[in-house]
């Protein structure tokens, strides 16, 4: 199995190209090869597949074998891969099909045949409780208290094609993700589990965020989570519609356009190495 190791702000993936569809046993494969001690090591597998409606289709398998609907860091890696490897000619505007976000338009900033930055139209945020999904039948799940082991958190829920639970805290950079992340991920409020973002708003254009990802645990970055974070901060009146989100692995520029209601994410993606897995 030939692969390319890539990452978006440290959210790392084993990228696989040349398949027509997902192979059998892909969940077990993901668990094995994403292991950082006995495998290649990654937060997930990313398959770049043919598509009838876009340039390519992206499918992601988390390190625990589950398949998420969407991933903002992975789609930047996919766009960089197909551009840098000459699979779309010199076009810098591409369309990538995803499970949860539909067909997404991606714009590349290129230099000397390589993509330096990727801007993704992440679509419109979903705010209605049952559609995110949460257990609440209401138009917005905004600053709703939920209790976990005697501690109350106030959550704002947003879907960017996948579910997110955004929580404002005093110091996101030093928050205890490993204690609270898995408990919130699997809380009964979220019937399909959820990604969890712990957020500190520094000013109206700058946010610190740390993330516990559904199916992957603590990661260095989450693109959809950064989008959900800005949406939640805007809804709560603490942030402008265009802001820098600082994650453990780097920064993303997020803009929630008022006229179109669409969220745009701009950030880097990197190719680290290529290899062949010994079966």
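Quick notes on this structure:
- Where strands (runs of 3 or more DSSP E) fall wholly inside region 210-279, the ranges with 3 or more residues that are crowded, with 18+ Cβ neighbours inside 10 Å and in contact (Cβ under 8 Å) with a residue 24 or more places away in the chain are 242-247, 250-256, 263-267.
- Sole residue being assigned to a loop (DSSP other than H, G, I, E, B), in contact with a strand residue (DSSP E or B) (Cβ under 8 Å, 6 or more places away or on another chain) and buried (at least 18 other Cβ atoms within 10 Å of the Cβ), chosen from 123, 181: 123
- Residue in region 62-75 that is in contact with a helix residue (DSSP H, G or I) (Cβ under 7 Å, 6 or more places away or on another chain) and either more than 29 Å from residue 196 (Cα to Cα) or surrounded by fewer than 17 Cβ atoms within 10 Å (Cβ to Cβ) (or both) present: yes
- Residues within region 152-168 that are in contact (Cβ under 8 Å) with a residue 24 or more places away in the chain and either on the phi > 0 side of the Ramachandran plot or surrounded by fewer than 18 Cβ atoms within 10 Å (Cβ to Cβ) (or both), tallied: 1
- Tally of residues being assigned to a loop (DSSP other than H, G, I, E, B), crowded, with 17+ Cβ neighbours inside 10 Å and out of contact with any helix residue (DSSP H, G or I) (no Cβ under 7 Å at 6 or more places or on another chain) across region 126-141: 4
- Candidate set from region 94-113 (those that are touching a strand residue (DSSP E or B) at 6+ places or on another chain (Cβ under 9 Å) and over 20 Å from residue 70 (Cβ atoms)); member that is surrounded by the fewest Cβ atoms within 10 Å (Cβ to Cβ): 109
- Residue match in region 32-45 (condition: surrounded by fewer than 18 Cβ atoms within 10 Å (Cβ to Cβ), assigned by TED's automatic domain parsing to the domain that holds residue 62, touching a strand residue (DSSP E or B) at 6+ places or on another chain (Cβ under 9 Å) and not in a loop (DSSP other than H, G, I, E, B)): no
- Subset of region 148-166 (residues that are closer than 18 Å to residue 123 by Cα and not in a strand (DSSP E or B)): 160, 161, 162
- In the set (1) part of a strand (DSSP E or B); (2) crowded, with 16+ Cβ neighbours inside 10 Å; (3) touching a residue at least 60 places away in the same chain (Cβ under 8 Å), residue 200 fails one condition alone, (3).
The values are calculated or read from the model by the stated rules, or taken from the named source; none is laboratory data. What you see is a predicted model, and the numbers here were worked out from it, not measured in a lab. Please note: Cβ atoms are built from the backbone with ideal geometry, for glycine as well, and neighbour counts cover all protein chains shown.
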